[in-house]
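The values are calculated or read from the model by the stated rules, or taken from the named source; none is laboratory data. Since the structure is predicted, the reported quantities are computational estimates derived from the model, not experimental observations. Counting neighbours? That spans all protein chains shown, and the Cβs are built from the backbone with ideal geometry, glycine included.
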Amino acid sequence: MGTLLDGDPSNNFLKRALAFNPNGALKGARRISIVGTYAYVLCDAGLAVVNLDNPLKPELVAQIGAPFLIDPHAIAVQFRYAFIVDRWGLKVLDITHLDHPVPVDGPAVHIEDARNIYVARTYAYVSAGKQGVAIVDIERPEQPKLDQVFNANGVMNDVNDVKLGMVSSELFAYVADGKNGLRVVQLFSPSDNPNFSGFSPHPTPRLIASRRTSGPALAISKGIDRDRGVDESGNQLAVLGRRGARPFNLQEMQRMYLRNGKLYTVSDEPPKADH
């Protein structure tokens, strides 16, 4: 889409290059997440994984549907896992191999009116409609557990979407609360959470602002990510998008967790010699 941003109005045109829906496999497509060179598409049948390595020759490589997924609404991907909300609640997929996602054989989190999801470090924020925002602890991705449900004492009761943004030592959730408009929820700050520092502080949500919209608030756009990568203590590791630093590619990421094509664990370490 860069051609739309270069300031030259004479070349700001797009043309349709391809339509792809083999045997109707993507019918009812409603959400898409690009994971490397793969598209994870939610549709009537569940999840469809499309290889986009050659964009003009896409290939359907995997499908996951009922009984694991029923009417999926939204998807968020982080590292080796995909988090999906469907009619029942939050489900987890192991996507160690992007072309072969595997349903996690563990407990799902029942959320009655789940509509969307946003993942940030060790928490997933689920837009839970009439319930408000459901905050799920995903520190152990294969064993997610409900941490809390926040609805500001019933005020937030039509939540469609939530996105997070951080400034200095404070974290905020921007919430599309349907008929109620836009909400701003402070998730933590130094004044109300003494444990605000660190990699993933526990959320202590508080509604701090509301704004009526001309119609129902249905979605929130994602803000621009910070371009610095930091460790758990806040020390800068790399500057992304600038000369000399970039995000890892797939092969580099896989070196961290695969050995000979299999998931690496501590038990794979060779025994240490006695001294």
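Just one of the numbered conditions (1) farther than 28 Å from Q78 by Cα; (2) part of a loop (DSSP other than H, G, I, E, B) is not true of S10: (2). State whether the residues of the stretch 68-90 include one that is in contact with a His (Cβ under 7 Å, 6 or more places away or on another chain) and among the acidic types (D, E). Yes, there is a match, as at least one residue in the stretch 68-90 is in contact with a His (Cβ under 7 Å, 6 or more places away or on another chain) and among the acidic types (D, E).
When the stretch 31-51 is filtered for residues that are at pLDDT below 95 and either among the polar types (S, T, N, Q) or part of a loop (DSSP other than H, G, I, E, B) (or both), the ones remaining, listed by number, are G36, T37.
Applying the condition of being in a strand (DSSP E or B), among the aliphatic types (A, V, I, L, M) and under 18 Å from R80 (Cβ atoms) to the stretch 242-275 and asking which residue is modelled with the lowest pLDDT yields L263. What residue, among those in the stretch 55-84 that are in a loop (DSSP other than H, G, I, E, B) and aliphatic (A, V, I, L, M), is surrounded by the fewest Cβ atoms within 10 Å (Cβ to Cβ)? This residue is L56.
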